[in-house]
Amino acid sequence: MYCYPVAPPNESEWSELRSRARSATQRSYAPYSGVRVGAAGLSDNGTVVEGSNIENASYGLTLCAECSLVSDLVRTGGGRLVAISIVAGDHAPISPCGRCRQVLYEHGGAELLLDAGEGLAPKRLAELLPDAFGPEDLPTRKDS
Ligand SMILES: [Zn+2]
């Protein structure tokens, strides 16, 4: 059983994460899709990190808000993500894409909590990425 170094967010703290994620949508660069995305996450050292999507004319090189958030996490000293709110420009929660589920797993693990919206129970990352492959799998899969 995973133990949180810090308590999971209460409703007030979820509200703060949601608000910061909504604010981060204003700093996104989304001229192609028109879908602005912002994310705010709480790390186990109490730091709140943020990210915004950054699109690219090549489309495939677009950085999702979650990638931007993980960059902010590592850049500001790291820690493990405990909770994250991801919203679109309409301020409603938006689900992370497949790549970002894997990126979030690396920095938050199966117990990372994802905001489902006001009054709704957050989801565990394990629900979105069951049977995930992670850093703990590498030592057991190396050739001698
Ligand atoms: Zn993504």
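FYI, it's all coordinate maths here, none of it is from the lab. Here the structure is a predicted model, which means the values were calculated and not measured. All Cβ positions, glycine included, derive from the backbone under ideal geometry; neighbour counts span all protein chains shown.
One residue stands out among those in region 36-60 that are part of a strand (DSSP E or B) and of a type in the set (S, T, N, Q): the one that is nearest to the ligand (Cβ to nearest atom), which is 52. Looking only at region 16-29, decide whether some residue is in a loop (DSSP other than H, G, I, E, B) and either in contact with a Pro (Cβ under 6 Å, 6 or more places away or on another chain) or exposed (fewer than 14 other Cβ atoms within 10 Å of the Cβ) (or both). Yes - at least one qualifying residue is present in region 16-29.
The residues listed here are 132, 110; of these, the one that is in a loop (DSSP other than H, G, I, E, B), touching a helix residue (DSSP H, G or I) at 6+ places or on another chain (Cβ under 9 Å) and touching a residue at least 60 places away in the same chain (Cβ under 8 Å) is 110.
Restricting attention to region 61-77 and to residues that are surrounded by 15 or more Cβ atoms within 10 Å (Cβ to Cβ) and in a loop (DSSP other than H, G, I, E, B), the residue that is nearest to the ligand (Cβ to nearest atom) turns out to be 64.
Say we look at region 43-59 and pick out the residues that are of a type in the set (A, V, I, L, M, F, W, C) and surrounded by 15 or more Cβ atoms within 10 Å (Cβ to Cβ); which of these is nearest to residue 72 (Cα to Cα)? For region 43-59, the residue satisfying everything is 49.
Just to check your reading of the model, which residue among 90, 72 is farther than 21 Å from residue 125 by Cβ and free of Cβ contacts under 8 Å to residues at least 40 places away in the same chain? When all the criteria are applied, what remains is 90. Here is a check on your reading of the model: is residue 82 assigned to a helix (DSSP H, G or I) and either of a type in the set (A, V, I, L, M) or within 12 Å of the ligand (Cβ to nearest atom) (or both)? For residue 82, the condition - assigned to a helix (DSSP H, G or I) and either of a type in the set (A, V, I, L, M) or within 12 Å of the ligand (Cβ to nearest atom) (or both) - is not met.
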